[in-house]
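**Student:** The following block contains the structure, expressed as structure tokens.
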Amino acid sequence: MIAHVERIAEPPLARALVEARATLGGTAVEERALAERAAIAHDRIVDGLGGDAGPDGRRLAKLAEDVTREVLALAVRCRKLRAELERIDVGAVRERAGQLTAAAAESADEAARADLSRAARAVVALDERAQALSGAATRVRARLELQVAMLEETALAVAARQASEAVDQADALAPLADRLHEAGCDLHDQAEALVEASIH
């Protein structure tokens with residue numbers, strides 16, 4: 001007789017965290033540290049809610065997961081972009097641009113001079129593009145720091161609510177959920193901005 005083994009589906013957040021860790025590298029990587037902090041804050045929020053079956057509790061738990069997954073996805077994209085930028089030797093690129101410009105100025109052949117000038121402009125454009133993308137990646141990492149801190153603050157607020165003797169504790173969850181909703185929208189906007197910066 002062959003026993004039927006039912007495969008239990010892995011929770012989406014757990015799967016996303018595994019995939020993010022595989023991409024982000026060691027714990028010393030800035031984006032990996034942000035991802036880990038977000039995951040820990042999410043777990044603290046869920047544990048603090050203790051299975052709260054109220055609508056605000058369910059909404060807060062769902063938003064905590066959504067924001068954490070947004071953090072993981074954006075951290076991965078930011079890390080991939082930074083890895084690409086790290087492969088570009090900016091000093092060498094600028095030196096090459098100078099060499100091409102000088103060669104164009106020294107060339108007596110009009111066609112060669114035009115080609116060298118176009119090549120110099122292309123190399124300069126590469127430098128400018130790399131700097132623009134580097135700035136975008138820096139801004140996204142800063143925003144990730146802000147939203148991870150928001151998750152951590154929410155986890156602390158949930159813990160404080162759990163220890164509180166307030167008569168109507170459910171009222172405390174609605175503003176927390178609203179703040180996480182705003183954080184999720186902000187992270188989505190940052191992801192869109194990073195995509196736009198990458199394709200222009």
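**Student:** Can you tell me which of (1) modelled with pLDDT under 65; (2) within 30 Å of Ala125 (Cα to Cα); (3) surrounded by fewer than 14 Cβ atoms within 10 Å (Cβ to Cβ) is the one Glu192 doesn't meet?
**Tutor:** (1)
**Student:** Next up: Consider Ala142 against the criteria (1) at pLDDT below 85; (2) loosely packed, with under 14 Cβ neighbours inside 10 Å: it satisfies all of them except one. Which criterion is unmet?
**Tutor:** All conditions pass for Ala142, except number (1).
**Student:** Something else: Could you list, in sequence order, the residues of segment 66-85 that are closer than 15 Å to Ala20 by Cα and either surrounded by fewer than 18 Cβ atoms within 10 Å (Cβ to Cβ) or touching a Ser or Thr at 6+ places or on another chain (Cβ under 6 Å) (or both)?
**Tutor:** Ala73, Val76, Lys80, Ala83
**Student:** Which numbered condition in (1) at pLDDT 90 or above; (2) loosely packed, with under 13 Cβ neighbours inside 10 Å is the only one that Glu128 fails?
**Tutor:** (1)
**Student:** Conditions: (1) buried (at least 16 other Cβ atoms within 10 Å of the Cβ); (2) more than 30 Å from Ala142 (Cβ to Cβ). Ala112 meets all but one. Number of the miss?
**Tutor:** Just one mismatch for Ala112, condition (1).
**Student:** Moving on to the next point. Among what's in segment 15-62 and is part of a loop (DSSP other than H, G, I, E, B) and surrounded by 15 or more Cβ atoms within 10 Å (Cβ to Cβ), pick the residue that is modelled with the lowest pLDDT.
**Tutor:** Asp52
**Student:** Count, please, the residues in segment 75-93 that happen to be free of Cβ contacts under 8 Å to residues at least 40 places away in the same chain and in contact with a helix residue (DSSP H, G or I) (Cβ under 6 Å, 6 or more places away or on another chain).
**Tutor:** Looking only at that region, the number is 1.
**Student:** Return the pairs, sorted by first residue and then second, in which the second residue is surrounded by fewer than 18 Cβ atoms within 10 Å (Cβ to Cβ) and part of a helix (DSSP H, G or I), the first residue lies in segment 17-44 and is touching a residue at least 24 places away in the same chain (Cβ under 8 Å), the beta carbons are less than 6 Å apart, and the residues are 6+ apart or on different chains.
**Tutor:** These pairs meet every condition: Ala41/Glu152.
The values are calculated or read from the model by the stated rules, or taken from the named source; none is laboratory data. Since the model is a prediction, treat every value here as computed from it, not as a measurement. Here the Cβ is made from the backbone with ideal geometry for all residues, glycine too, and neighbour counts use every protein chain on show.
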